[in-house]
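The block underneath contains the structure these notes are about, expressed in structure tokens.
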Amino acid sequence: MAALVSCCFGCCEDNNRGHVTLKEMPTVQLDTHHMGTDVVIVKSGKRICGTGGCIANAPLHQNKSYFEFKIQSTGVWGVGVATQKANLNQIPLGRDPHSLVLRQDGTVYHNNEEKNRLPANSLPQEGDIVGVTYDHVELNLYLNGKNMNCPASGIRGTVYPVVYVDDSAILDCQFSDFYHSPPQGYQKILFEQQIF
């Protein structure tokens, strides 16, 4: 018994013998290394303002991802997914094959083509929450927790959540601790090492 007690207490000494230091998992947030030159990111990587776009620091590797954006102030804005090749200084996004986004007017664009449109009475307003699901084939949109049945597809490659703003728009990103529960089977974005 004394050997067991000395072993338990011996492992807790300052020299940390026998302990493995765990790395803290990174937080998904907007990536200040991949943003437009006139973009401002505040609130620990959760709020975007200024002019231009920004992608998140984690790609969408898992099968079914969910994330949200809260419209704090209206203006010109867009949310969706993009590759790292997207030009984050050229807004609105959705003009090239590197982004698939919902724009503030309710249209969903990819490669300069309108892929879908929100119902006319469902345009997001200040204070609304826009939810985004992505399953590597289709992007779908939710407004204040309600499915807008507005699927869009066509983007290829490794994609990241993307948001852009202009004309005084301010958006907050939620990559966890959501306002609304993700749809069944969808979950927050996981870093690659969390998947395996």
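The values are calculated or read from the model by the stated rules, or taken from the named source; none is laboratory data. All of these numbers come straight from a predicted model, not from anything done at the bench. As a convention, Cβ positions derive from the backbone with ideal geometry for all residues, glycine included, and neighbour counts pool all protein chains shown. For the accessible areas, the whole protein counts, side chains as well, though only heavy atoms, and no ligand, DNA or RNA atoms are used. Shrake-Rupley method; radii C 1.70, N 1.55, O 1.52, S 1.80 Å.
Odds and ends about this structure:
- Flag if VAL130 is assigned to a strand (DSSP E or B) and over 15 Å from the mean Cα position of the chain (by Cα): no
- Residue that is nearest to SER65 (Cα to Cα), among those in segment 137-190 that are of a type in the set (D, E, K, R) and loosely packed, with under 15 Cβ neighbours inside 10 Å: GLU138
- Residues of segment 32-44 include at least one that is open to solvent by 10 Å² or more (accessible area, probe 1.4 Å), in contact (Cβ under 8 Å) with a residue 40 or more places away in the chain and more than 17 Å from the chain's Cα centre (by Cα).
- Taken over segment 72-113, residues that are touching a Lys or Arg at 6+ places or on another chain (Cβ under 6 Å), without any contact (Cβ under 8 Å) to a residue 40 or more places away in the chain and of a type in the set (Gly, Ala, Ser) amount to 1.
- Any hit, segment 114-129, residues being within 18 Å of GLY157 (Cβ to Cβ) and either of a type in the set (Ser, Thr, Tyr) or crowded, with 22+ Cβ neighbours inside 10 Å (or both): no
- Summed over segment 111-147, the residues that are modelled with pLDDT under 95 and within 12 Å of VAL79 (Cα to Cα) give a count of 0.
- When CYS54 is tested against (1) of a type in the set (A, V, I, L, M, F, W, C); (2) over 24 Å from GLU192 (Cα atoms); (3) outside any loop (DSSP other than H, G, I, E, B), only condition (2) is not met.
- Some residue of segment 88-99 being part of a loop (DSSP other than H, G, I, E, B), touching an Asp or Glu at 6+ places or on another chain (Cβ under 7 Å) and either at pLDDT 95 or above or open to solvent by 10 Å² or more (accessible area, probe 1.4 Å) (or both): yes
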